[in-house]
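To start, the structure itself, in structure tokens.
Coordinate-derived values only; no laboratory data. In this text, all values refer to a predicted model and were calculated from it rather than measured experimentally. Reconstructed Cβ throughout: ideal geometry from the backbone, glycine too, with neighbour counts over all protein chains shown.
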């Protein structure tokens, strides 16, 4: 191994060889980023010394840079370490202490940036001598004695401070095996690594690669003595993001040319749709919706400060074995910054954020949940029906306002959750009952939550000889030849295509498209019968916004800056398909959004209103206890059936409008 003098000389030669690059870094900031492979080519022995003893070697490299007239805190950062130095957090052992290694993981928690003393200057009151004491460890050190013989009570002249931040980095889910629990390590960042420019890299939810060295930290016991066991902490030399959102994916000139060429293909829409989950047969409409969801609409900030979301939320409700989870898994792997969570393992704080004790600042800190971790990404939420009602309520604000408000302990915070949600659930009884109540009633989710999804798809598993034969041929064909399932456009290219669209294409409504959506909305809203009673509401302004988002996404597929009439028609067709599946009132055969939004259709509300009117008419006449038979007779005259009257009375009882003082009689409360 090289001695320190030799190391300095070799580093000076290396920097002189790359002088142009060094000068560029000096003019830009306060650190230089060195590619390890370049150092390894220049001097393999020096590179080996750096891997074995990084703390000392990096200091020598910084001293070697002084000949370029750099500032006192100019740092040397290294990247692109060899694969052999990549170690998973769970595999860090005592033999790795002090070595230059690379870890990967997701930032679960980040503390505030705080100043730390690295050295302090003291003066002796007796002889006036100044002493500089380096501050290492957790406790502030003062001089014990002066050369003149004085002990204690020295005057503090000055102290040198640097900024420090602590992160908790956790292993990524895809790195785990079996039932393994993800392991964590604390990472300390200093100086330029905590610059506001770097802040984006260290927000909870970011997937990062940390290059640095691990040191042991002593654990104090309650008695004040030190434990023989030590904790681990990593001191970062450099940190770089791995998983970017679509907006961060860098596209070369060649990529852009390929994308523009691809967009000119008249079949581009069909090709992109067929590239979504090619191993799953059928579900063309759902795949089309999933493509549009990944592309998304355009986020708009209005002059009054309100924001209209561009993200689309989709809910798949269906029988077991229809491929819901497979679709969710594909999308969570295809989209960057995506997470897959499922069922009973999901809690409200796991979705939003939890408040935990912060050891570093001795207080409380926020730990981000799945929705915050996927900010500007996608959350695939499977088995939504298995999540408890209290925990589901955490989704309401996140889906519409795209933020999460926390008020716990002494923390009041609003976190951004600009997350696209793709959820899947089973019907109430595990499978749809074709002879049971309407589909909307078989979905066991709060109506207010269902209404926040832009599109709801119903997947039924009904025996059909022709379809079954096609599915069987497709599935068995895949098992015979795995290579058979190849997407029309490879996933990497699809990602780049969507990234280009999200970065460069922001279409606006044309007059024709606007009129198409407007006419559809007005016609559908007023398509109810004009008879007395409550009109069904086929579509609400919420669905109008969904239509605009869908139309924007369709236009973006073609890289168009204008939303045409055809784009609007495609969006209308997709929304109609969903409404016909879930929102049709079986009695009238008309679309009624209330079936989804409130769980009660307009025709049912009409019947309840009729029965209520009859009861209150008797009450106004002074009849306190109204005979059930009198109500039934009057209701039948007005065209209601006996079971409908019974259902309406039960509903009024549950709502607390009426009660039963004795059998066969009803009274208004």
Open item on the list: Take residue 148 and residue 403, extend 7 Å from each Cα along the Cα→Cβ direction, and tell me the distance between the two endpoints in nm.
Closed with: 6.1
TODO: Mind checking the full-extension length gain between residue 627 and residue 155? Use 0.36 nm per residue of separation minus the Cα-Cα distance, one decimal, nm.
DONE: 160.4 nm
Task: Gained length - residue 16 relative to residue 653, 0.36 nm times residue gap less alpha-carbon distance - done: 220.5 nm
Task: Rounded FRET efficiency, nearest 0.05, which uses the C-beta distance separating residue 545 from residue 233 and R0 of 56 Å - done: 0.70
Open item on the list: Applying a 10 Å radius around every beta-carbon, put 96-103, 375-382 in order of their mean neighbour count, most first.
Closed with: 375-382, 96-103
Task: Additional length obtainable on full extension of the chain from residue 129 to residue 73, 0.36 nm per residue less Cα span - done: 17.6 nm
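What FRET efficiency, computed as 1/(1 + (r/R0)^6) with R0 = 60 Å and r the Cβ-Cβ distance, is obtained for residue 48 and residue 304, rounded to the nearest 0.05?
Details: r = 62 Å, r/R0 = 1.03.
That pair, residue 48 with residue 304, gives E of 0.45.
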- [ ] Report the relative contact order of segment 4-80, percent, no decimals, based on alpha-carbon pairs under 8 angstrom and at least 6 residues apart.
- [x] 45
- [ ] Mind giving me the FRET efficiency for residue 93 and residue 118? R0 is 25 Å, r the Cβ-Cβ distance, nearest 0.05 is fine.
- [x] 0.30
- [ ] In nm, give the distance between the simple-model label positions of residue 643 and residue 662, each being 7 Å from the Cα along the Cα-to-Cβ direction.
- [x] 3.2
TODO: Report the label-to-label distance for residue 38 and residue 56 in nanometres (one decimal), using points 7 Å from each Cα along the Cα→Cβ vector.
DONE: 2.7
Task: Unit Cα scatterers, Debye sum, segment 602-668: log10 I(q)/I(0) for q = 0.24 Å⁻¹ - done: -1.07
